[in-house]
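Undergrad: Quick one: this structure, given as structure tokens, is what I'll be asking you about.
The numbers here are math on the coordinates, done by the rules we state, and not lab data. Since we're looking at a predicted model, the values are computed, not measured. Positions of Cβ are backbone-derived with ideal geometry, glycine not excepted, and every protein chain shown enters the neighbour counts.
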Amino acid sequence: MKLRILGAGAVLGSCAVALAHYAPALPDSAIARPSRQFGLPFAGPPGPDTWLLGQGYGNTTGAYRQRRSTYGNLQGVHAGLDFSAPCGTPVRAIGDGTVAEVDGPHGSPPHNVVVDHAGNLSSLYGHLRVRSGVRVGQKVKRGEVIGQSGDSQGTCVSAPHLHLELRDRSHQRFFNPLPYLQADWDSLALAGSFGRGYQYDLNAPRRWQTPESQPEVRRGGALLNEFARPWPPAPGGAR
Ligand SMILES: [Zn+2]
């Protein structure tokens with residue numbers, strides 16, 4: 001009997017921790033509208049030796065294939081932008097703000113940083129190579145270096161990139177960063193490696209097919225891409 005009580009306490013304890021990480025989603029009225037108020041997370045021009053746009057935000061073919069695993073809690077959607085970059089490339093805050101997390105619980109290991117901005121927006125910088133030298137509570141300016149880019153697979157040769165997300169401060173809502181970030185997105189999309197594009201549903205072939213027209217994501221919401229007629233099909237004929 002004593003053991004059972006201890007067990008229940010442990011379960012309650014872990015729930016309380018989980019709830020602390022996930023406050024209720026903020027309403028639209030509390031969140032700043034997109035006005036190109038942020039900059040890019042890298043200094044200098046894009047290029048094969050510096051950085052390029054990799055996977056886009058949204059209904060990508062890569063996210064579709066992992067919609068029930070890696071992206072299952074994000075409605076099957078790639079909820080950030082990937083910037084291909086050599087490991088160690090300095091990563092910069094996209095706007096003025098306050099460091100909210102260093103290696104916090106909100107994804108993109110092995111190391112990440114979250115910066116809170118005006119308008120209840122938060123930016124997350126993921127797959128950083130090493131733990132960032134910034135500390136929680138520290139004020140940062142737009143363009144200030146807050147870490148080094150790394151590799152989601154930890155090798156620096158297999159998948160070196162920065163994963164950048166823009167969320168509401170509750171970490172429940174994920175926004176397409178494009179209209180928030182000042183950049184020449186048309187040129188970046190042409191020069192980057194993002195040739196794989198977006199997943200089609202042949203029943204609605206124009207939906208979510210451009211960088212600008214991607215859906216907002218809610219943590220834990222239903223999958224958005226359980227398509228009736230997906231194209232391209234999943235490898236091996238799996239659905
Ligand atoms: Zn990513």
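Undergrad: Given the residues 104, 44, which is the only one that is among the small types (Gly, Ala, Ser), more than 16 Å from the chain's Cα centre (by Cα) and either away from the ligand (no atom under 16 Å from the Cβ) or surrounded by fewer than 16 Cβ atoms within 10 Å (Cβ to Cβ) (or both)?
TA: After ruling out the rest, the residue left standing is 44.
Undergrad: I'd like the residue in segment 161-176 that is away from the ligand (no atom under 12 Å from the Cβ), out of contact with any Phe, Trp or Tyr (no Cβ under 8 Å at 6 or more places or on another chain) and outside any loop (DSSP other than H, G, I, E, B) and, out of all such residues, is farthest from residue 219 (Cα to Cα).
TA: Filtering segment 161-176 for residues that are away from the ligand (no atom under 12 Å from the Cβ), out of contact with any Phe, Trp or Tyr (no Cβ under 8 Å at 6 or more places or on another chain) and outside any loop (DSSP other than H, G, I, E, B), the one farthest from residue 219 (Cα to Cα) comes out as 175.
Undergrad: Looking only at segment 75-100, count every residue that is within 27 Å of residue 157 (Cα to Cα) and charged (D, E, K, R) and tell me the total.
TA: The qualifying residues number 2.
Undergrad: Could you grab me the full set of residues in segment 65-95 that are touching a strand residue (DSSP E or B) at 6+ places or on another chain (Cβ under 7 Å), within 12 Å of the ligand (Cβ to nearest atom) and either within 19 Å of residue 160 (Cα to Cα) or in contact (Cβ under 8 Å) with a residue 24 or more places away in the chain (or both)?
TA: 74, 77, 78, 79, 80, 81, 82, 83, 84
Undergrad: So, one more: For segment 83-100: of the residues being β-branched (Val, Ile, Thr) and outside any strand (DSSP E or B), which is farthest from residue 118 (Cα to Cα)?
TA: Filtering first and then ranking leaves 89.
Undergrad: Give me the pairs: first residue in segment 49-60 and assigned to a loop (DSSP other than H, G, I, E, B), second residue basic (Lys, Arg), beta-carbon distance under 9 Å, and six or more apart or on different chains, which are they?
TA: 55/196; 59/207
Undergrad: Filter segment 101-150 for residues that are of a type in the set (Lys, Arg) and touching a Cys at 6+ places or on another chain (Cβ under 8 Å) and give the result.
TA: Answer for segment 101-150, where residues must be of a type in the set (Lys, Arg) and touching a Cys at 6+ places or on another chain (Cβ under 8 Å): just 129.
Undergrad: State which residue is surrounded by the most Cβ atoms within 10 Å (Cβ to Cβ) when the search covers only segment 113-159 and only residues that are farther than 17 Å from residue 95 by Cβ and hydroxyl-bearing (Ser, Thr, Tyr).
TA: 149
Okay, residues lined up against (1) more than 16 Å from the ligand (Cβ to nearest atom); (2) assigned to a loop (DSSP other than H, G, I, E, B); (3) over 25 Å from residue 31 (Cα atoms):
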| residue | (1), (2), (3) |
| --- | --- |
| 109 | no, yes, yes |
| 112 | no, no, no |
| 115 | yes, no, no |
| 142 | yes, yes, no |
| 146 | yes, no, no |
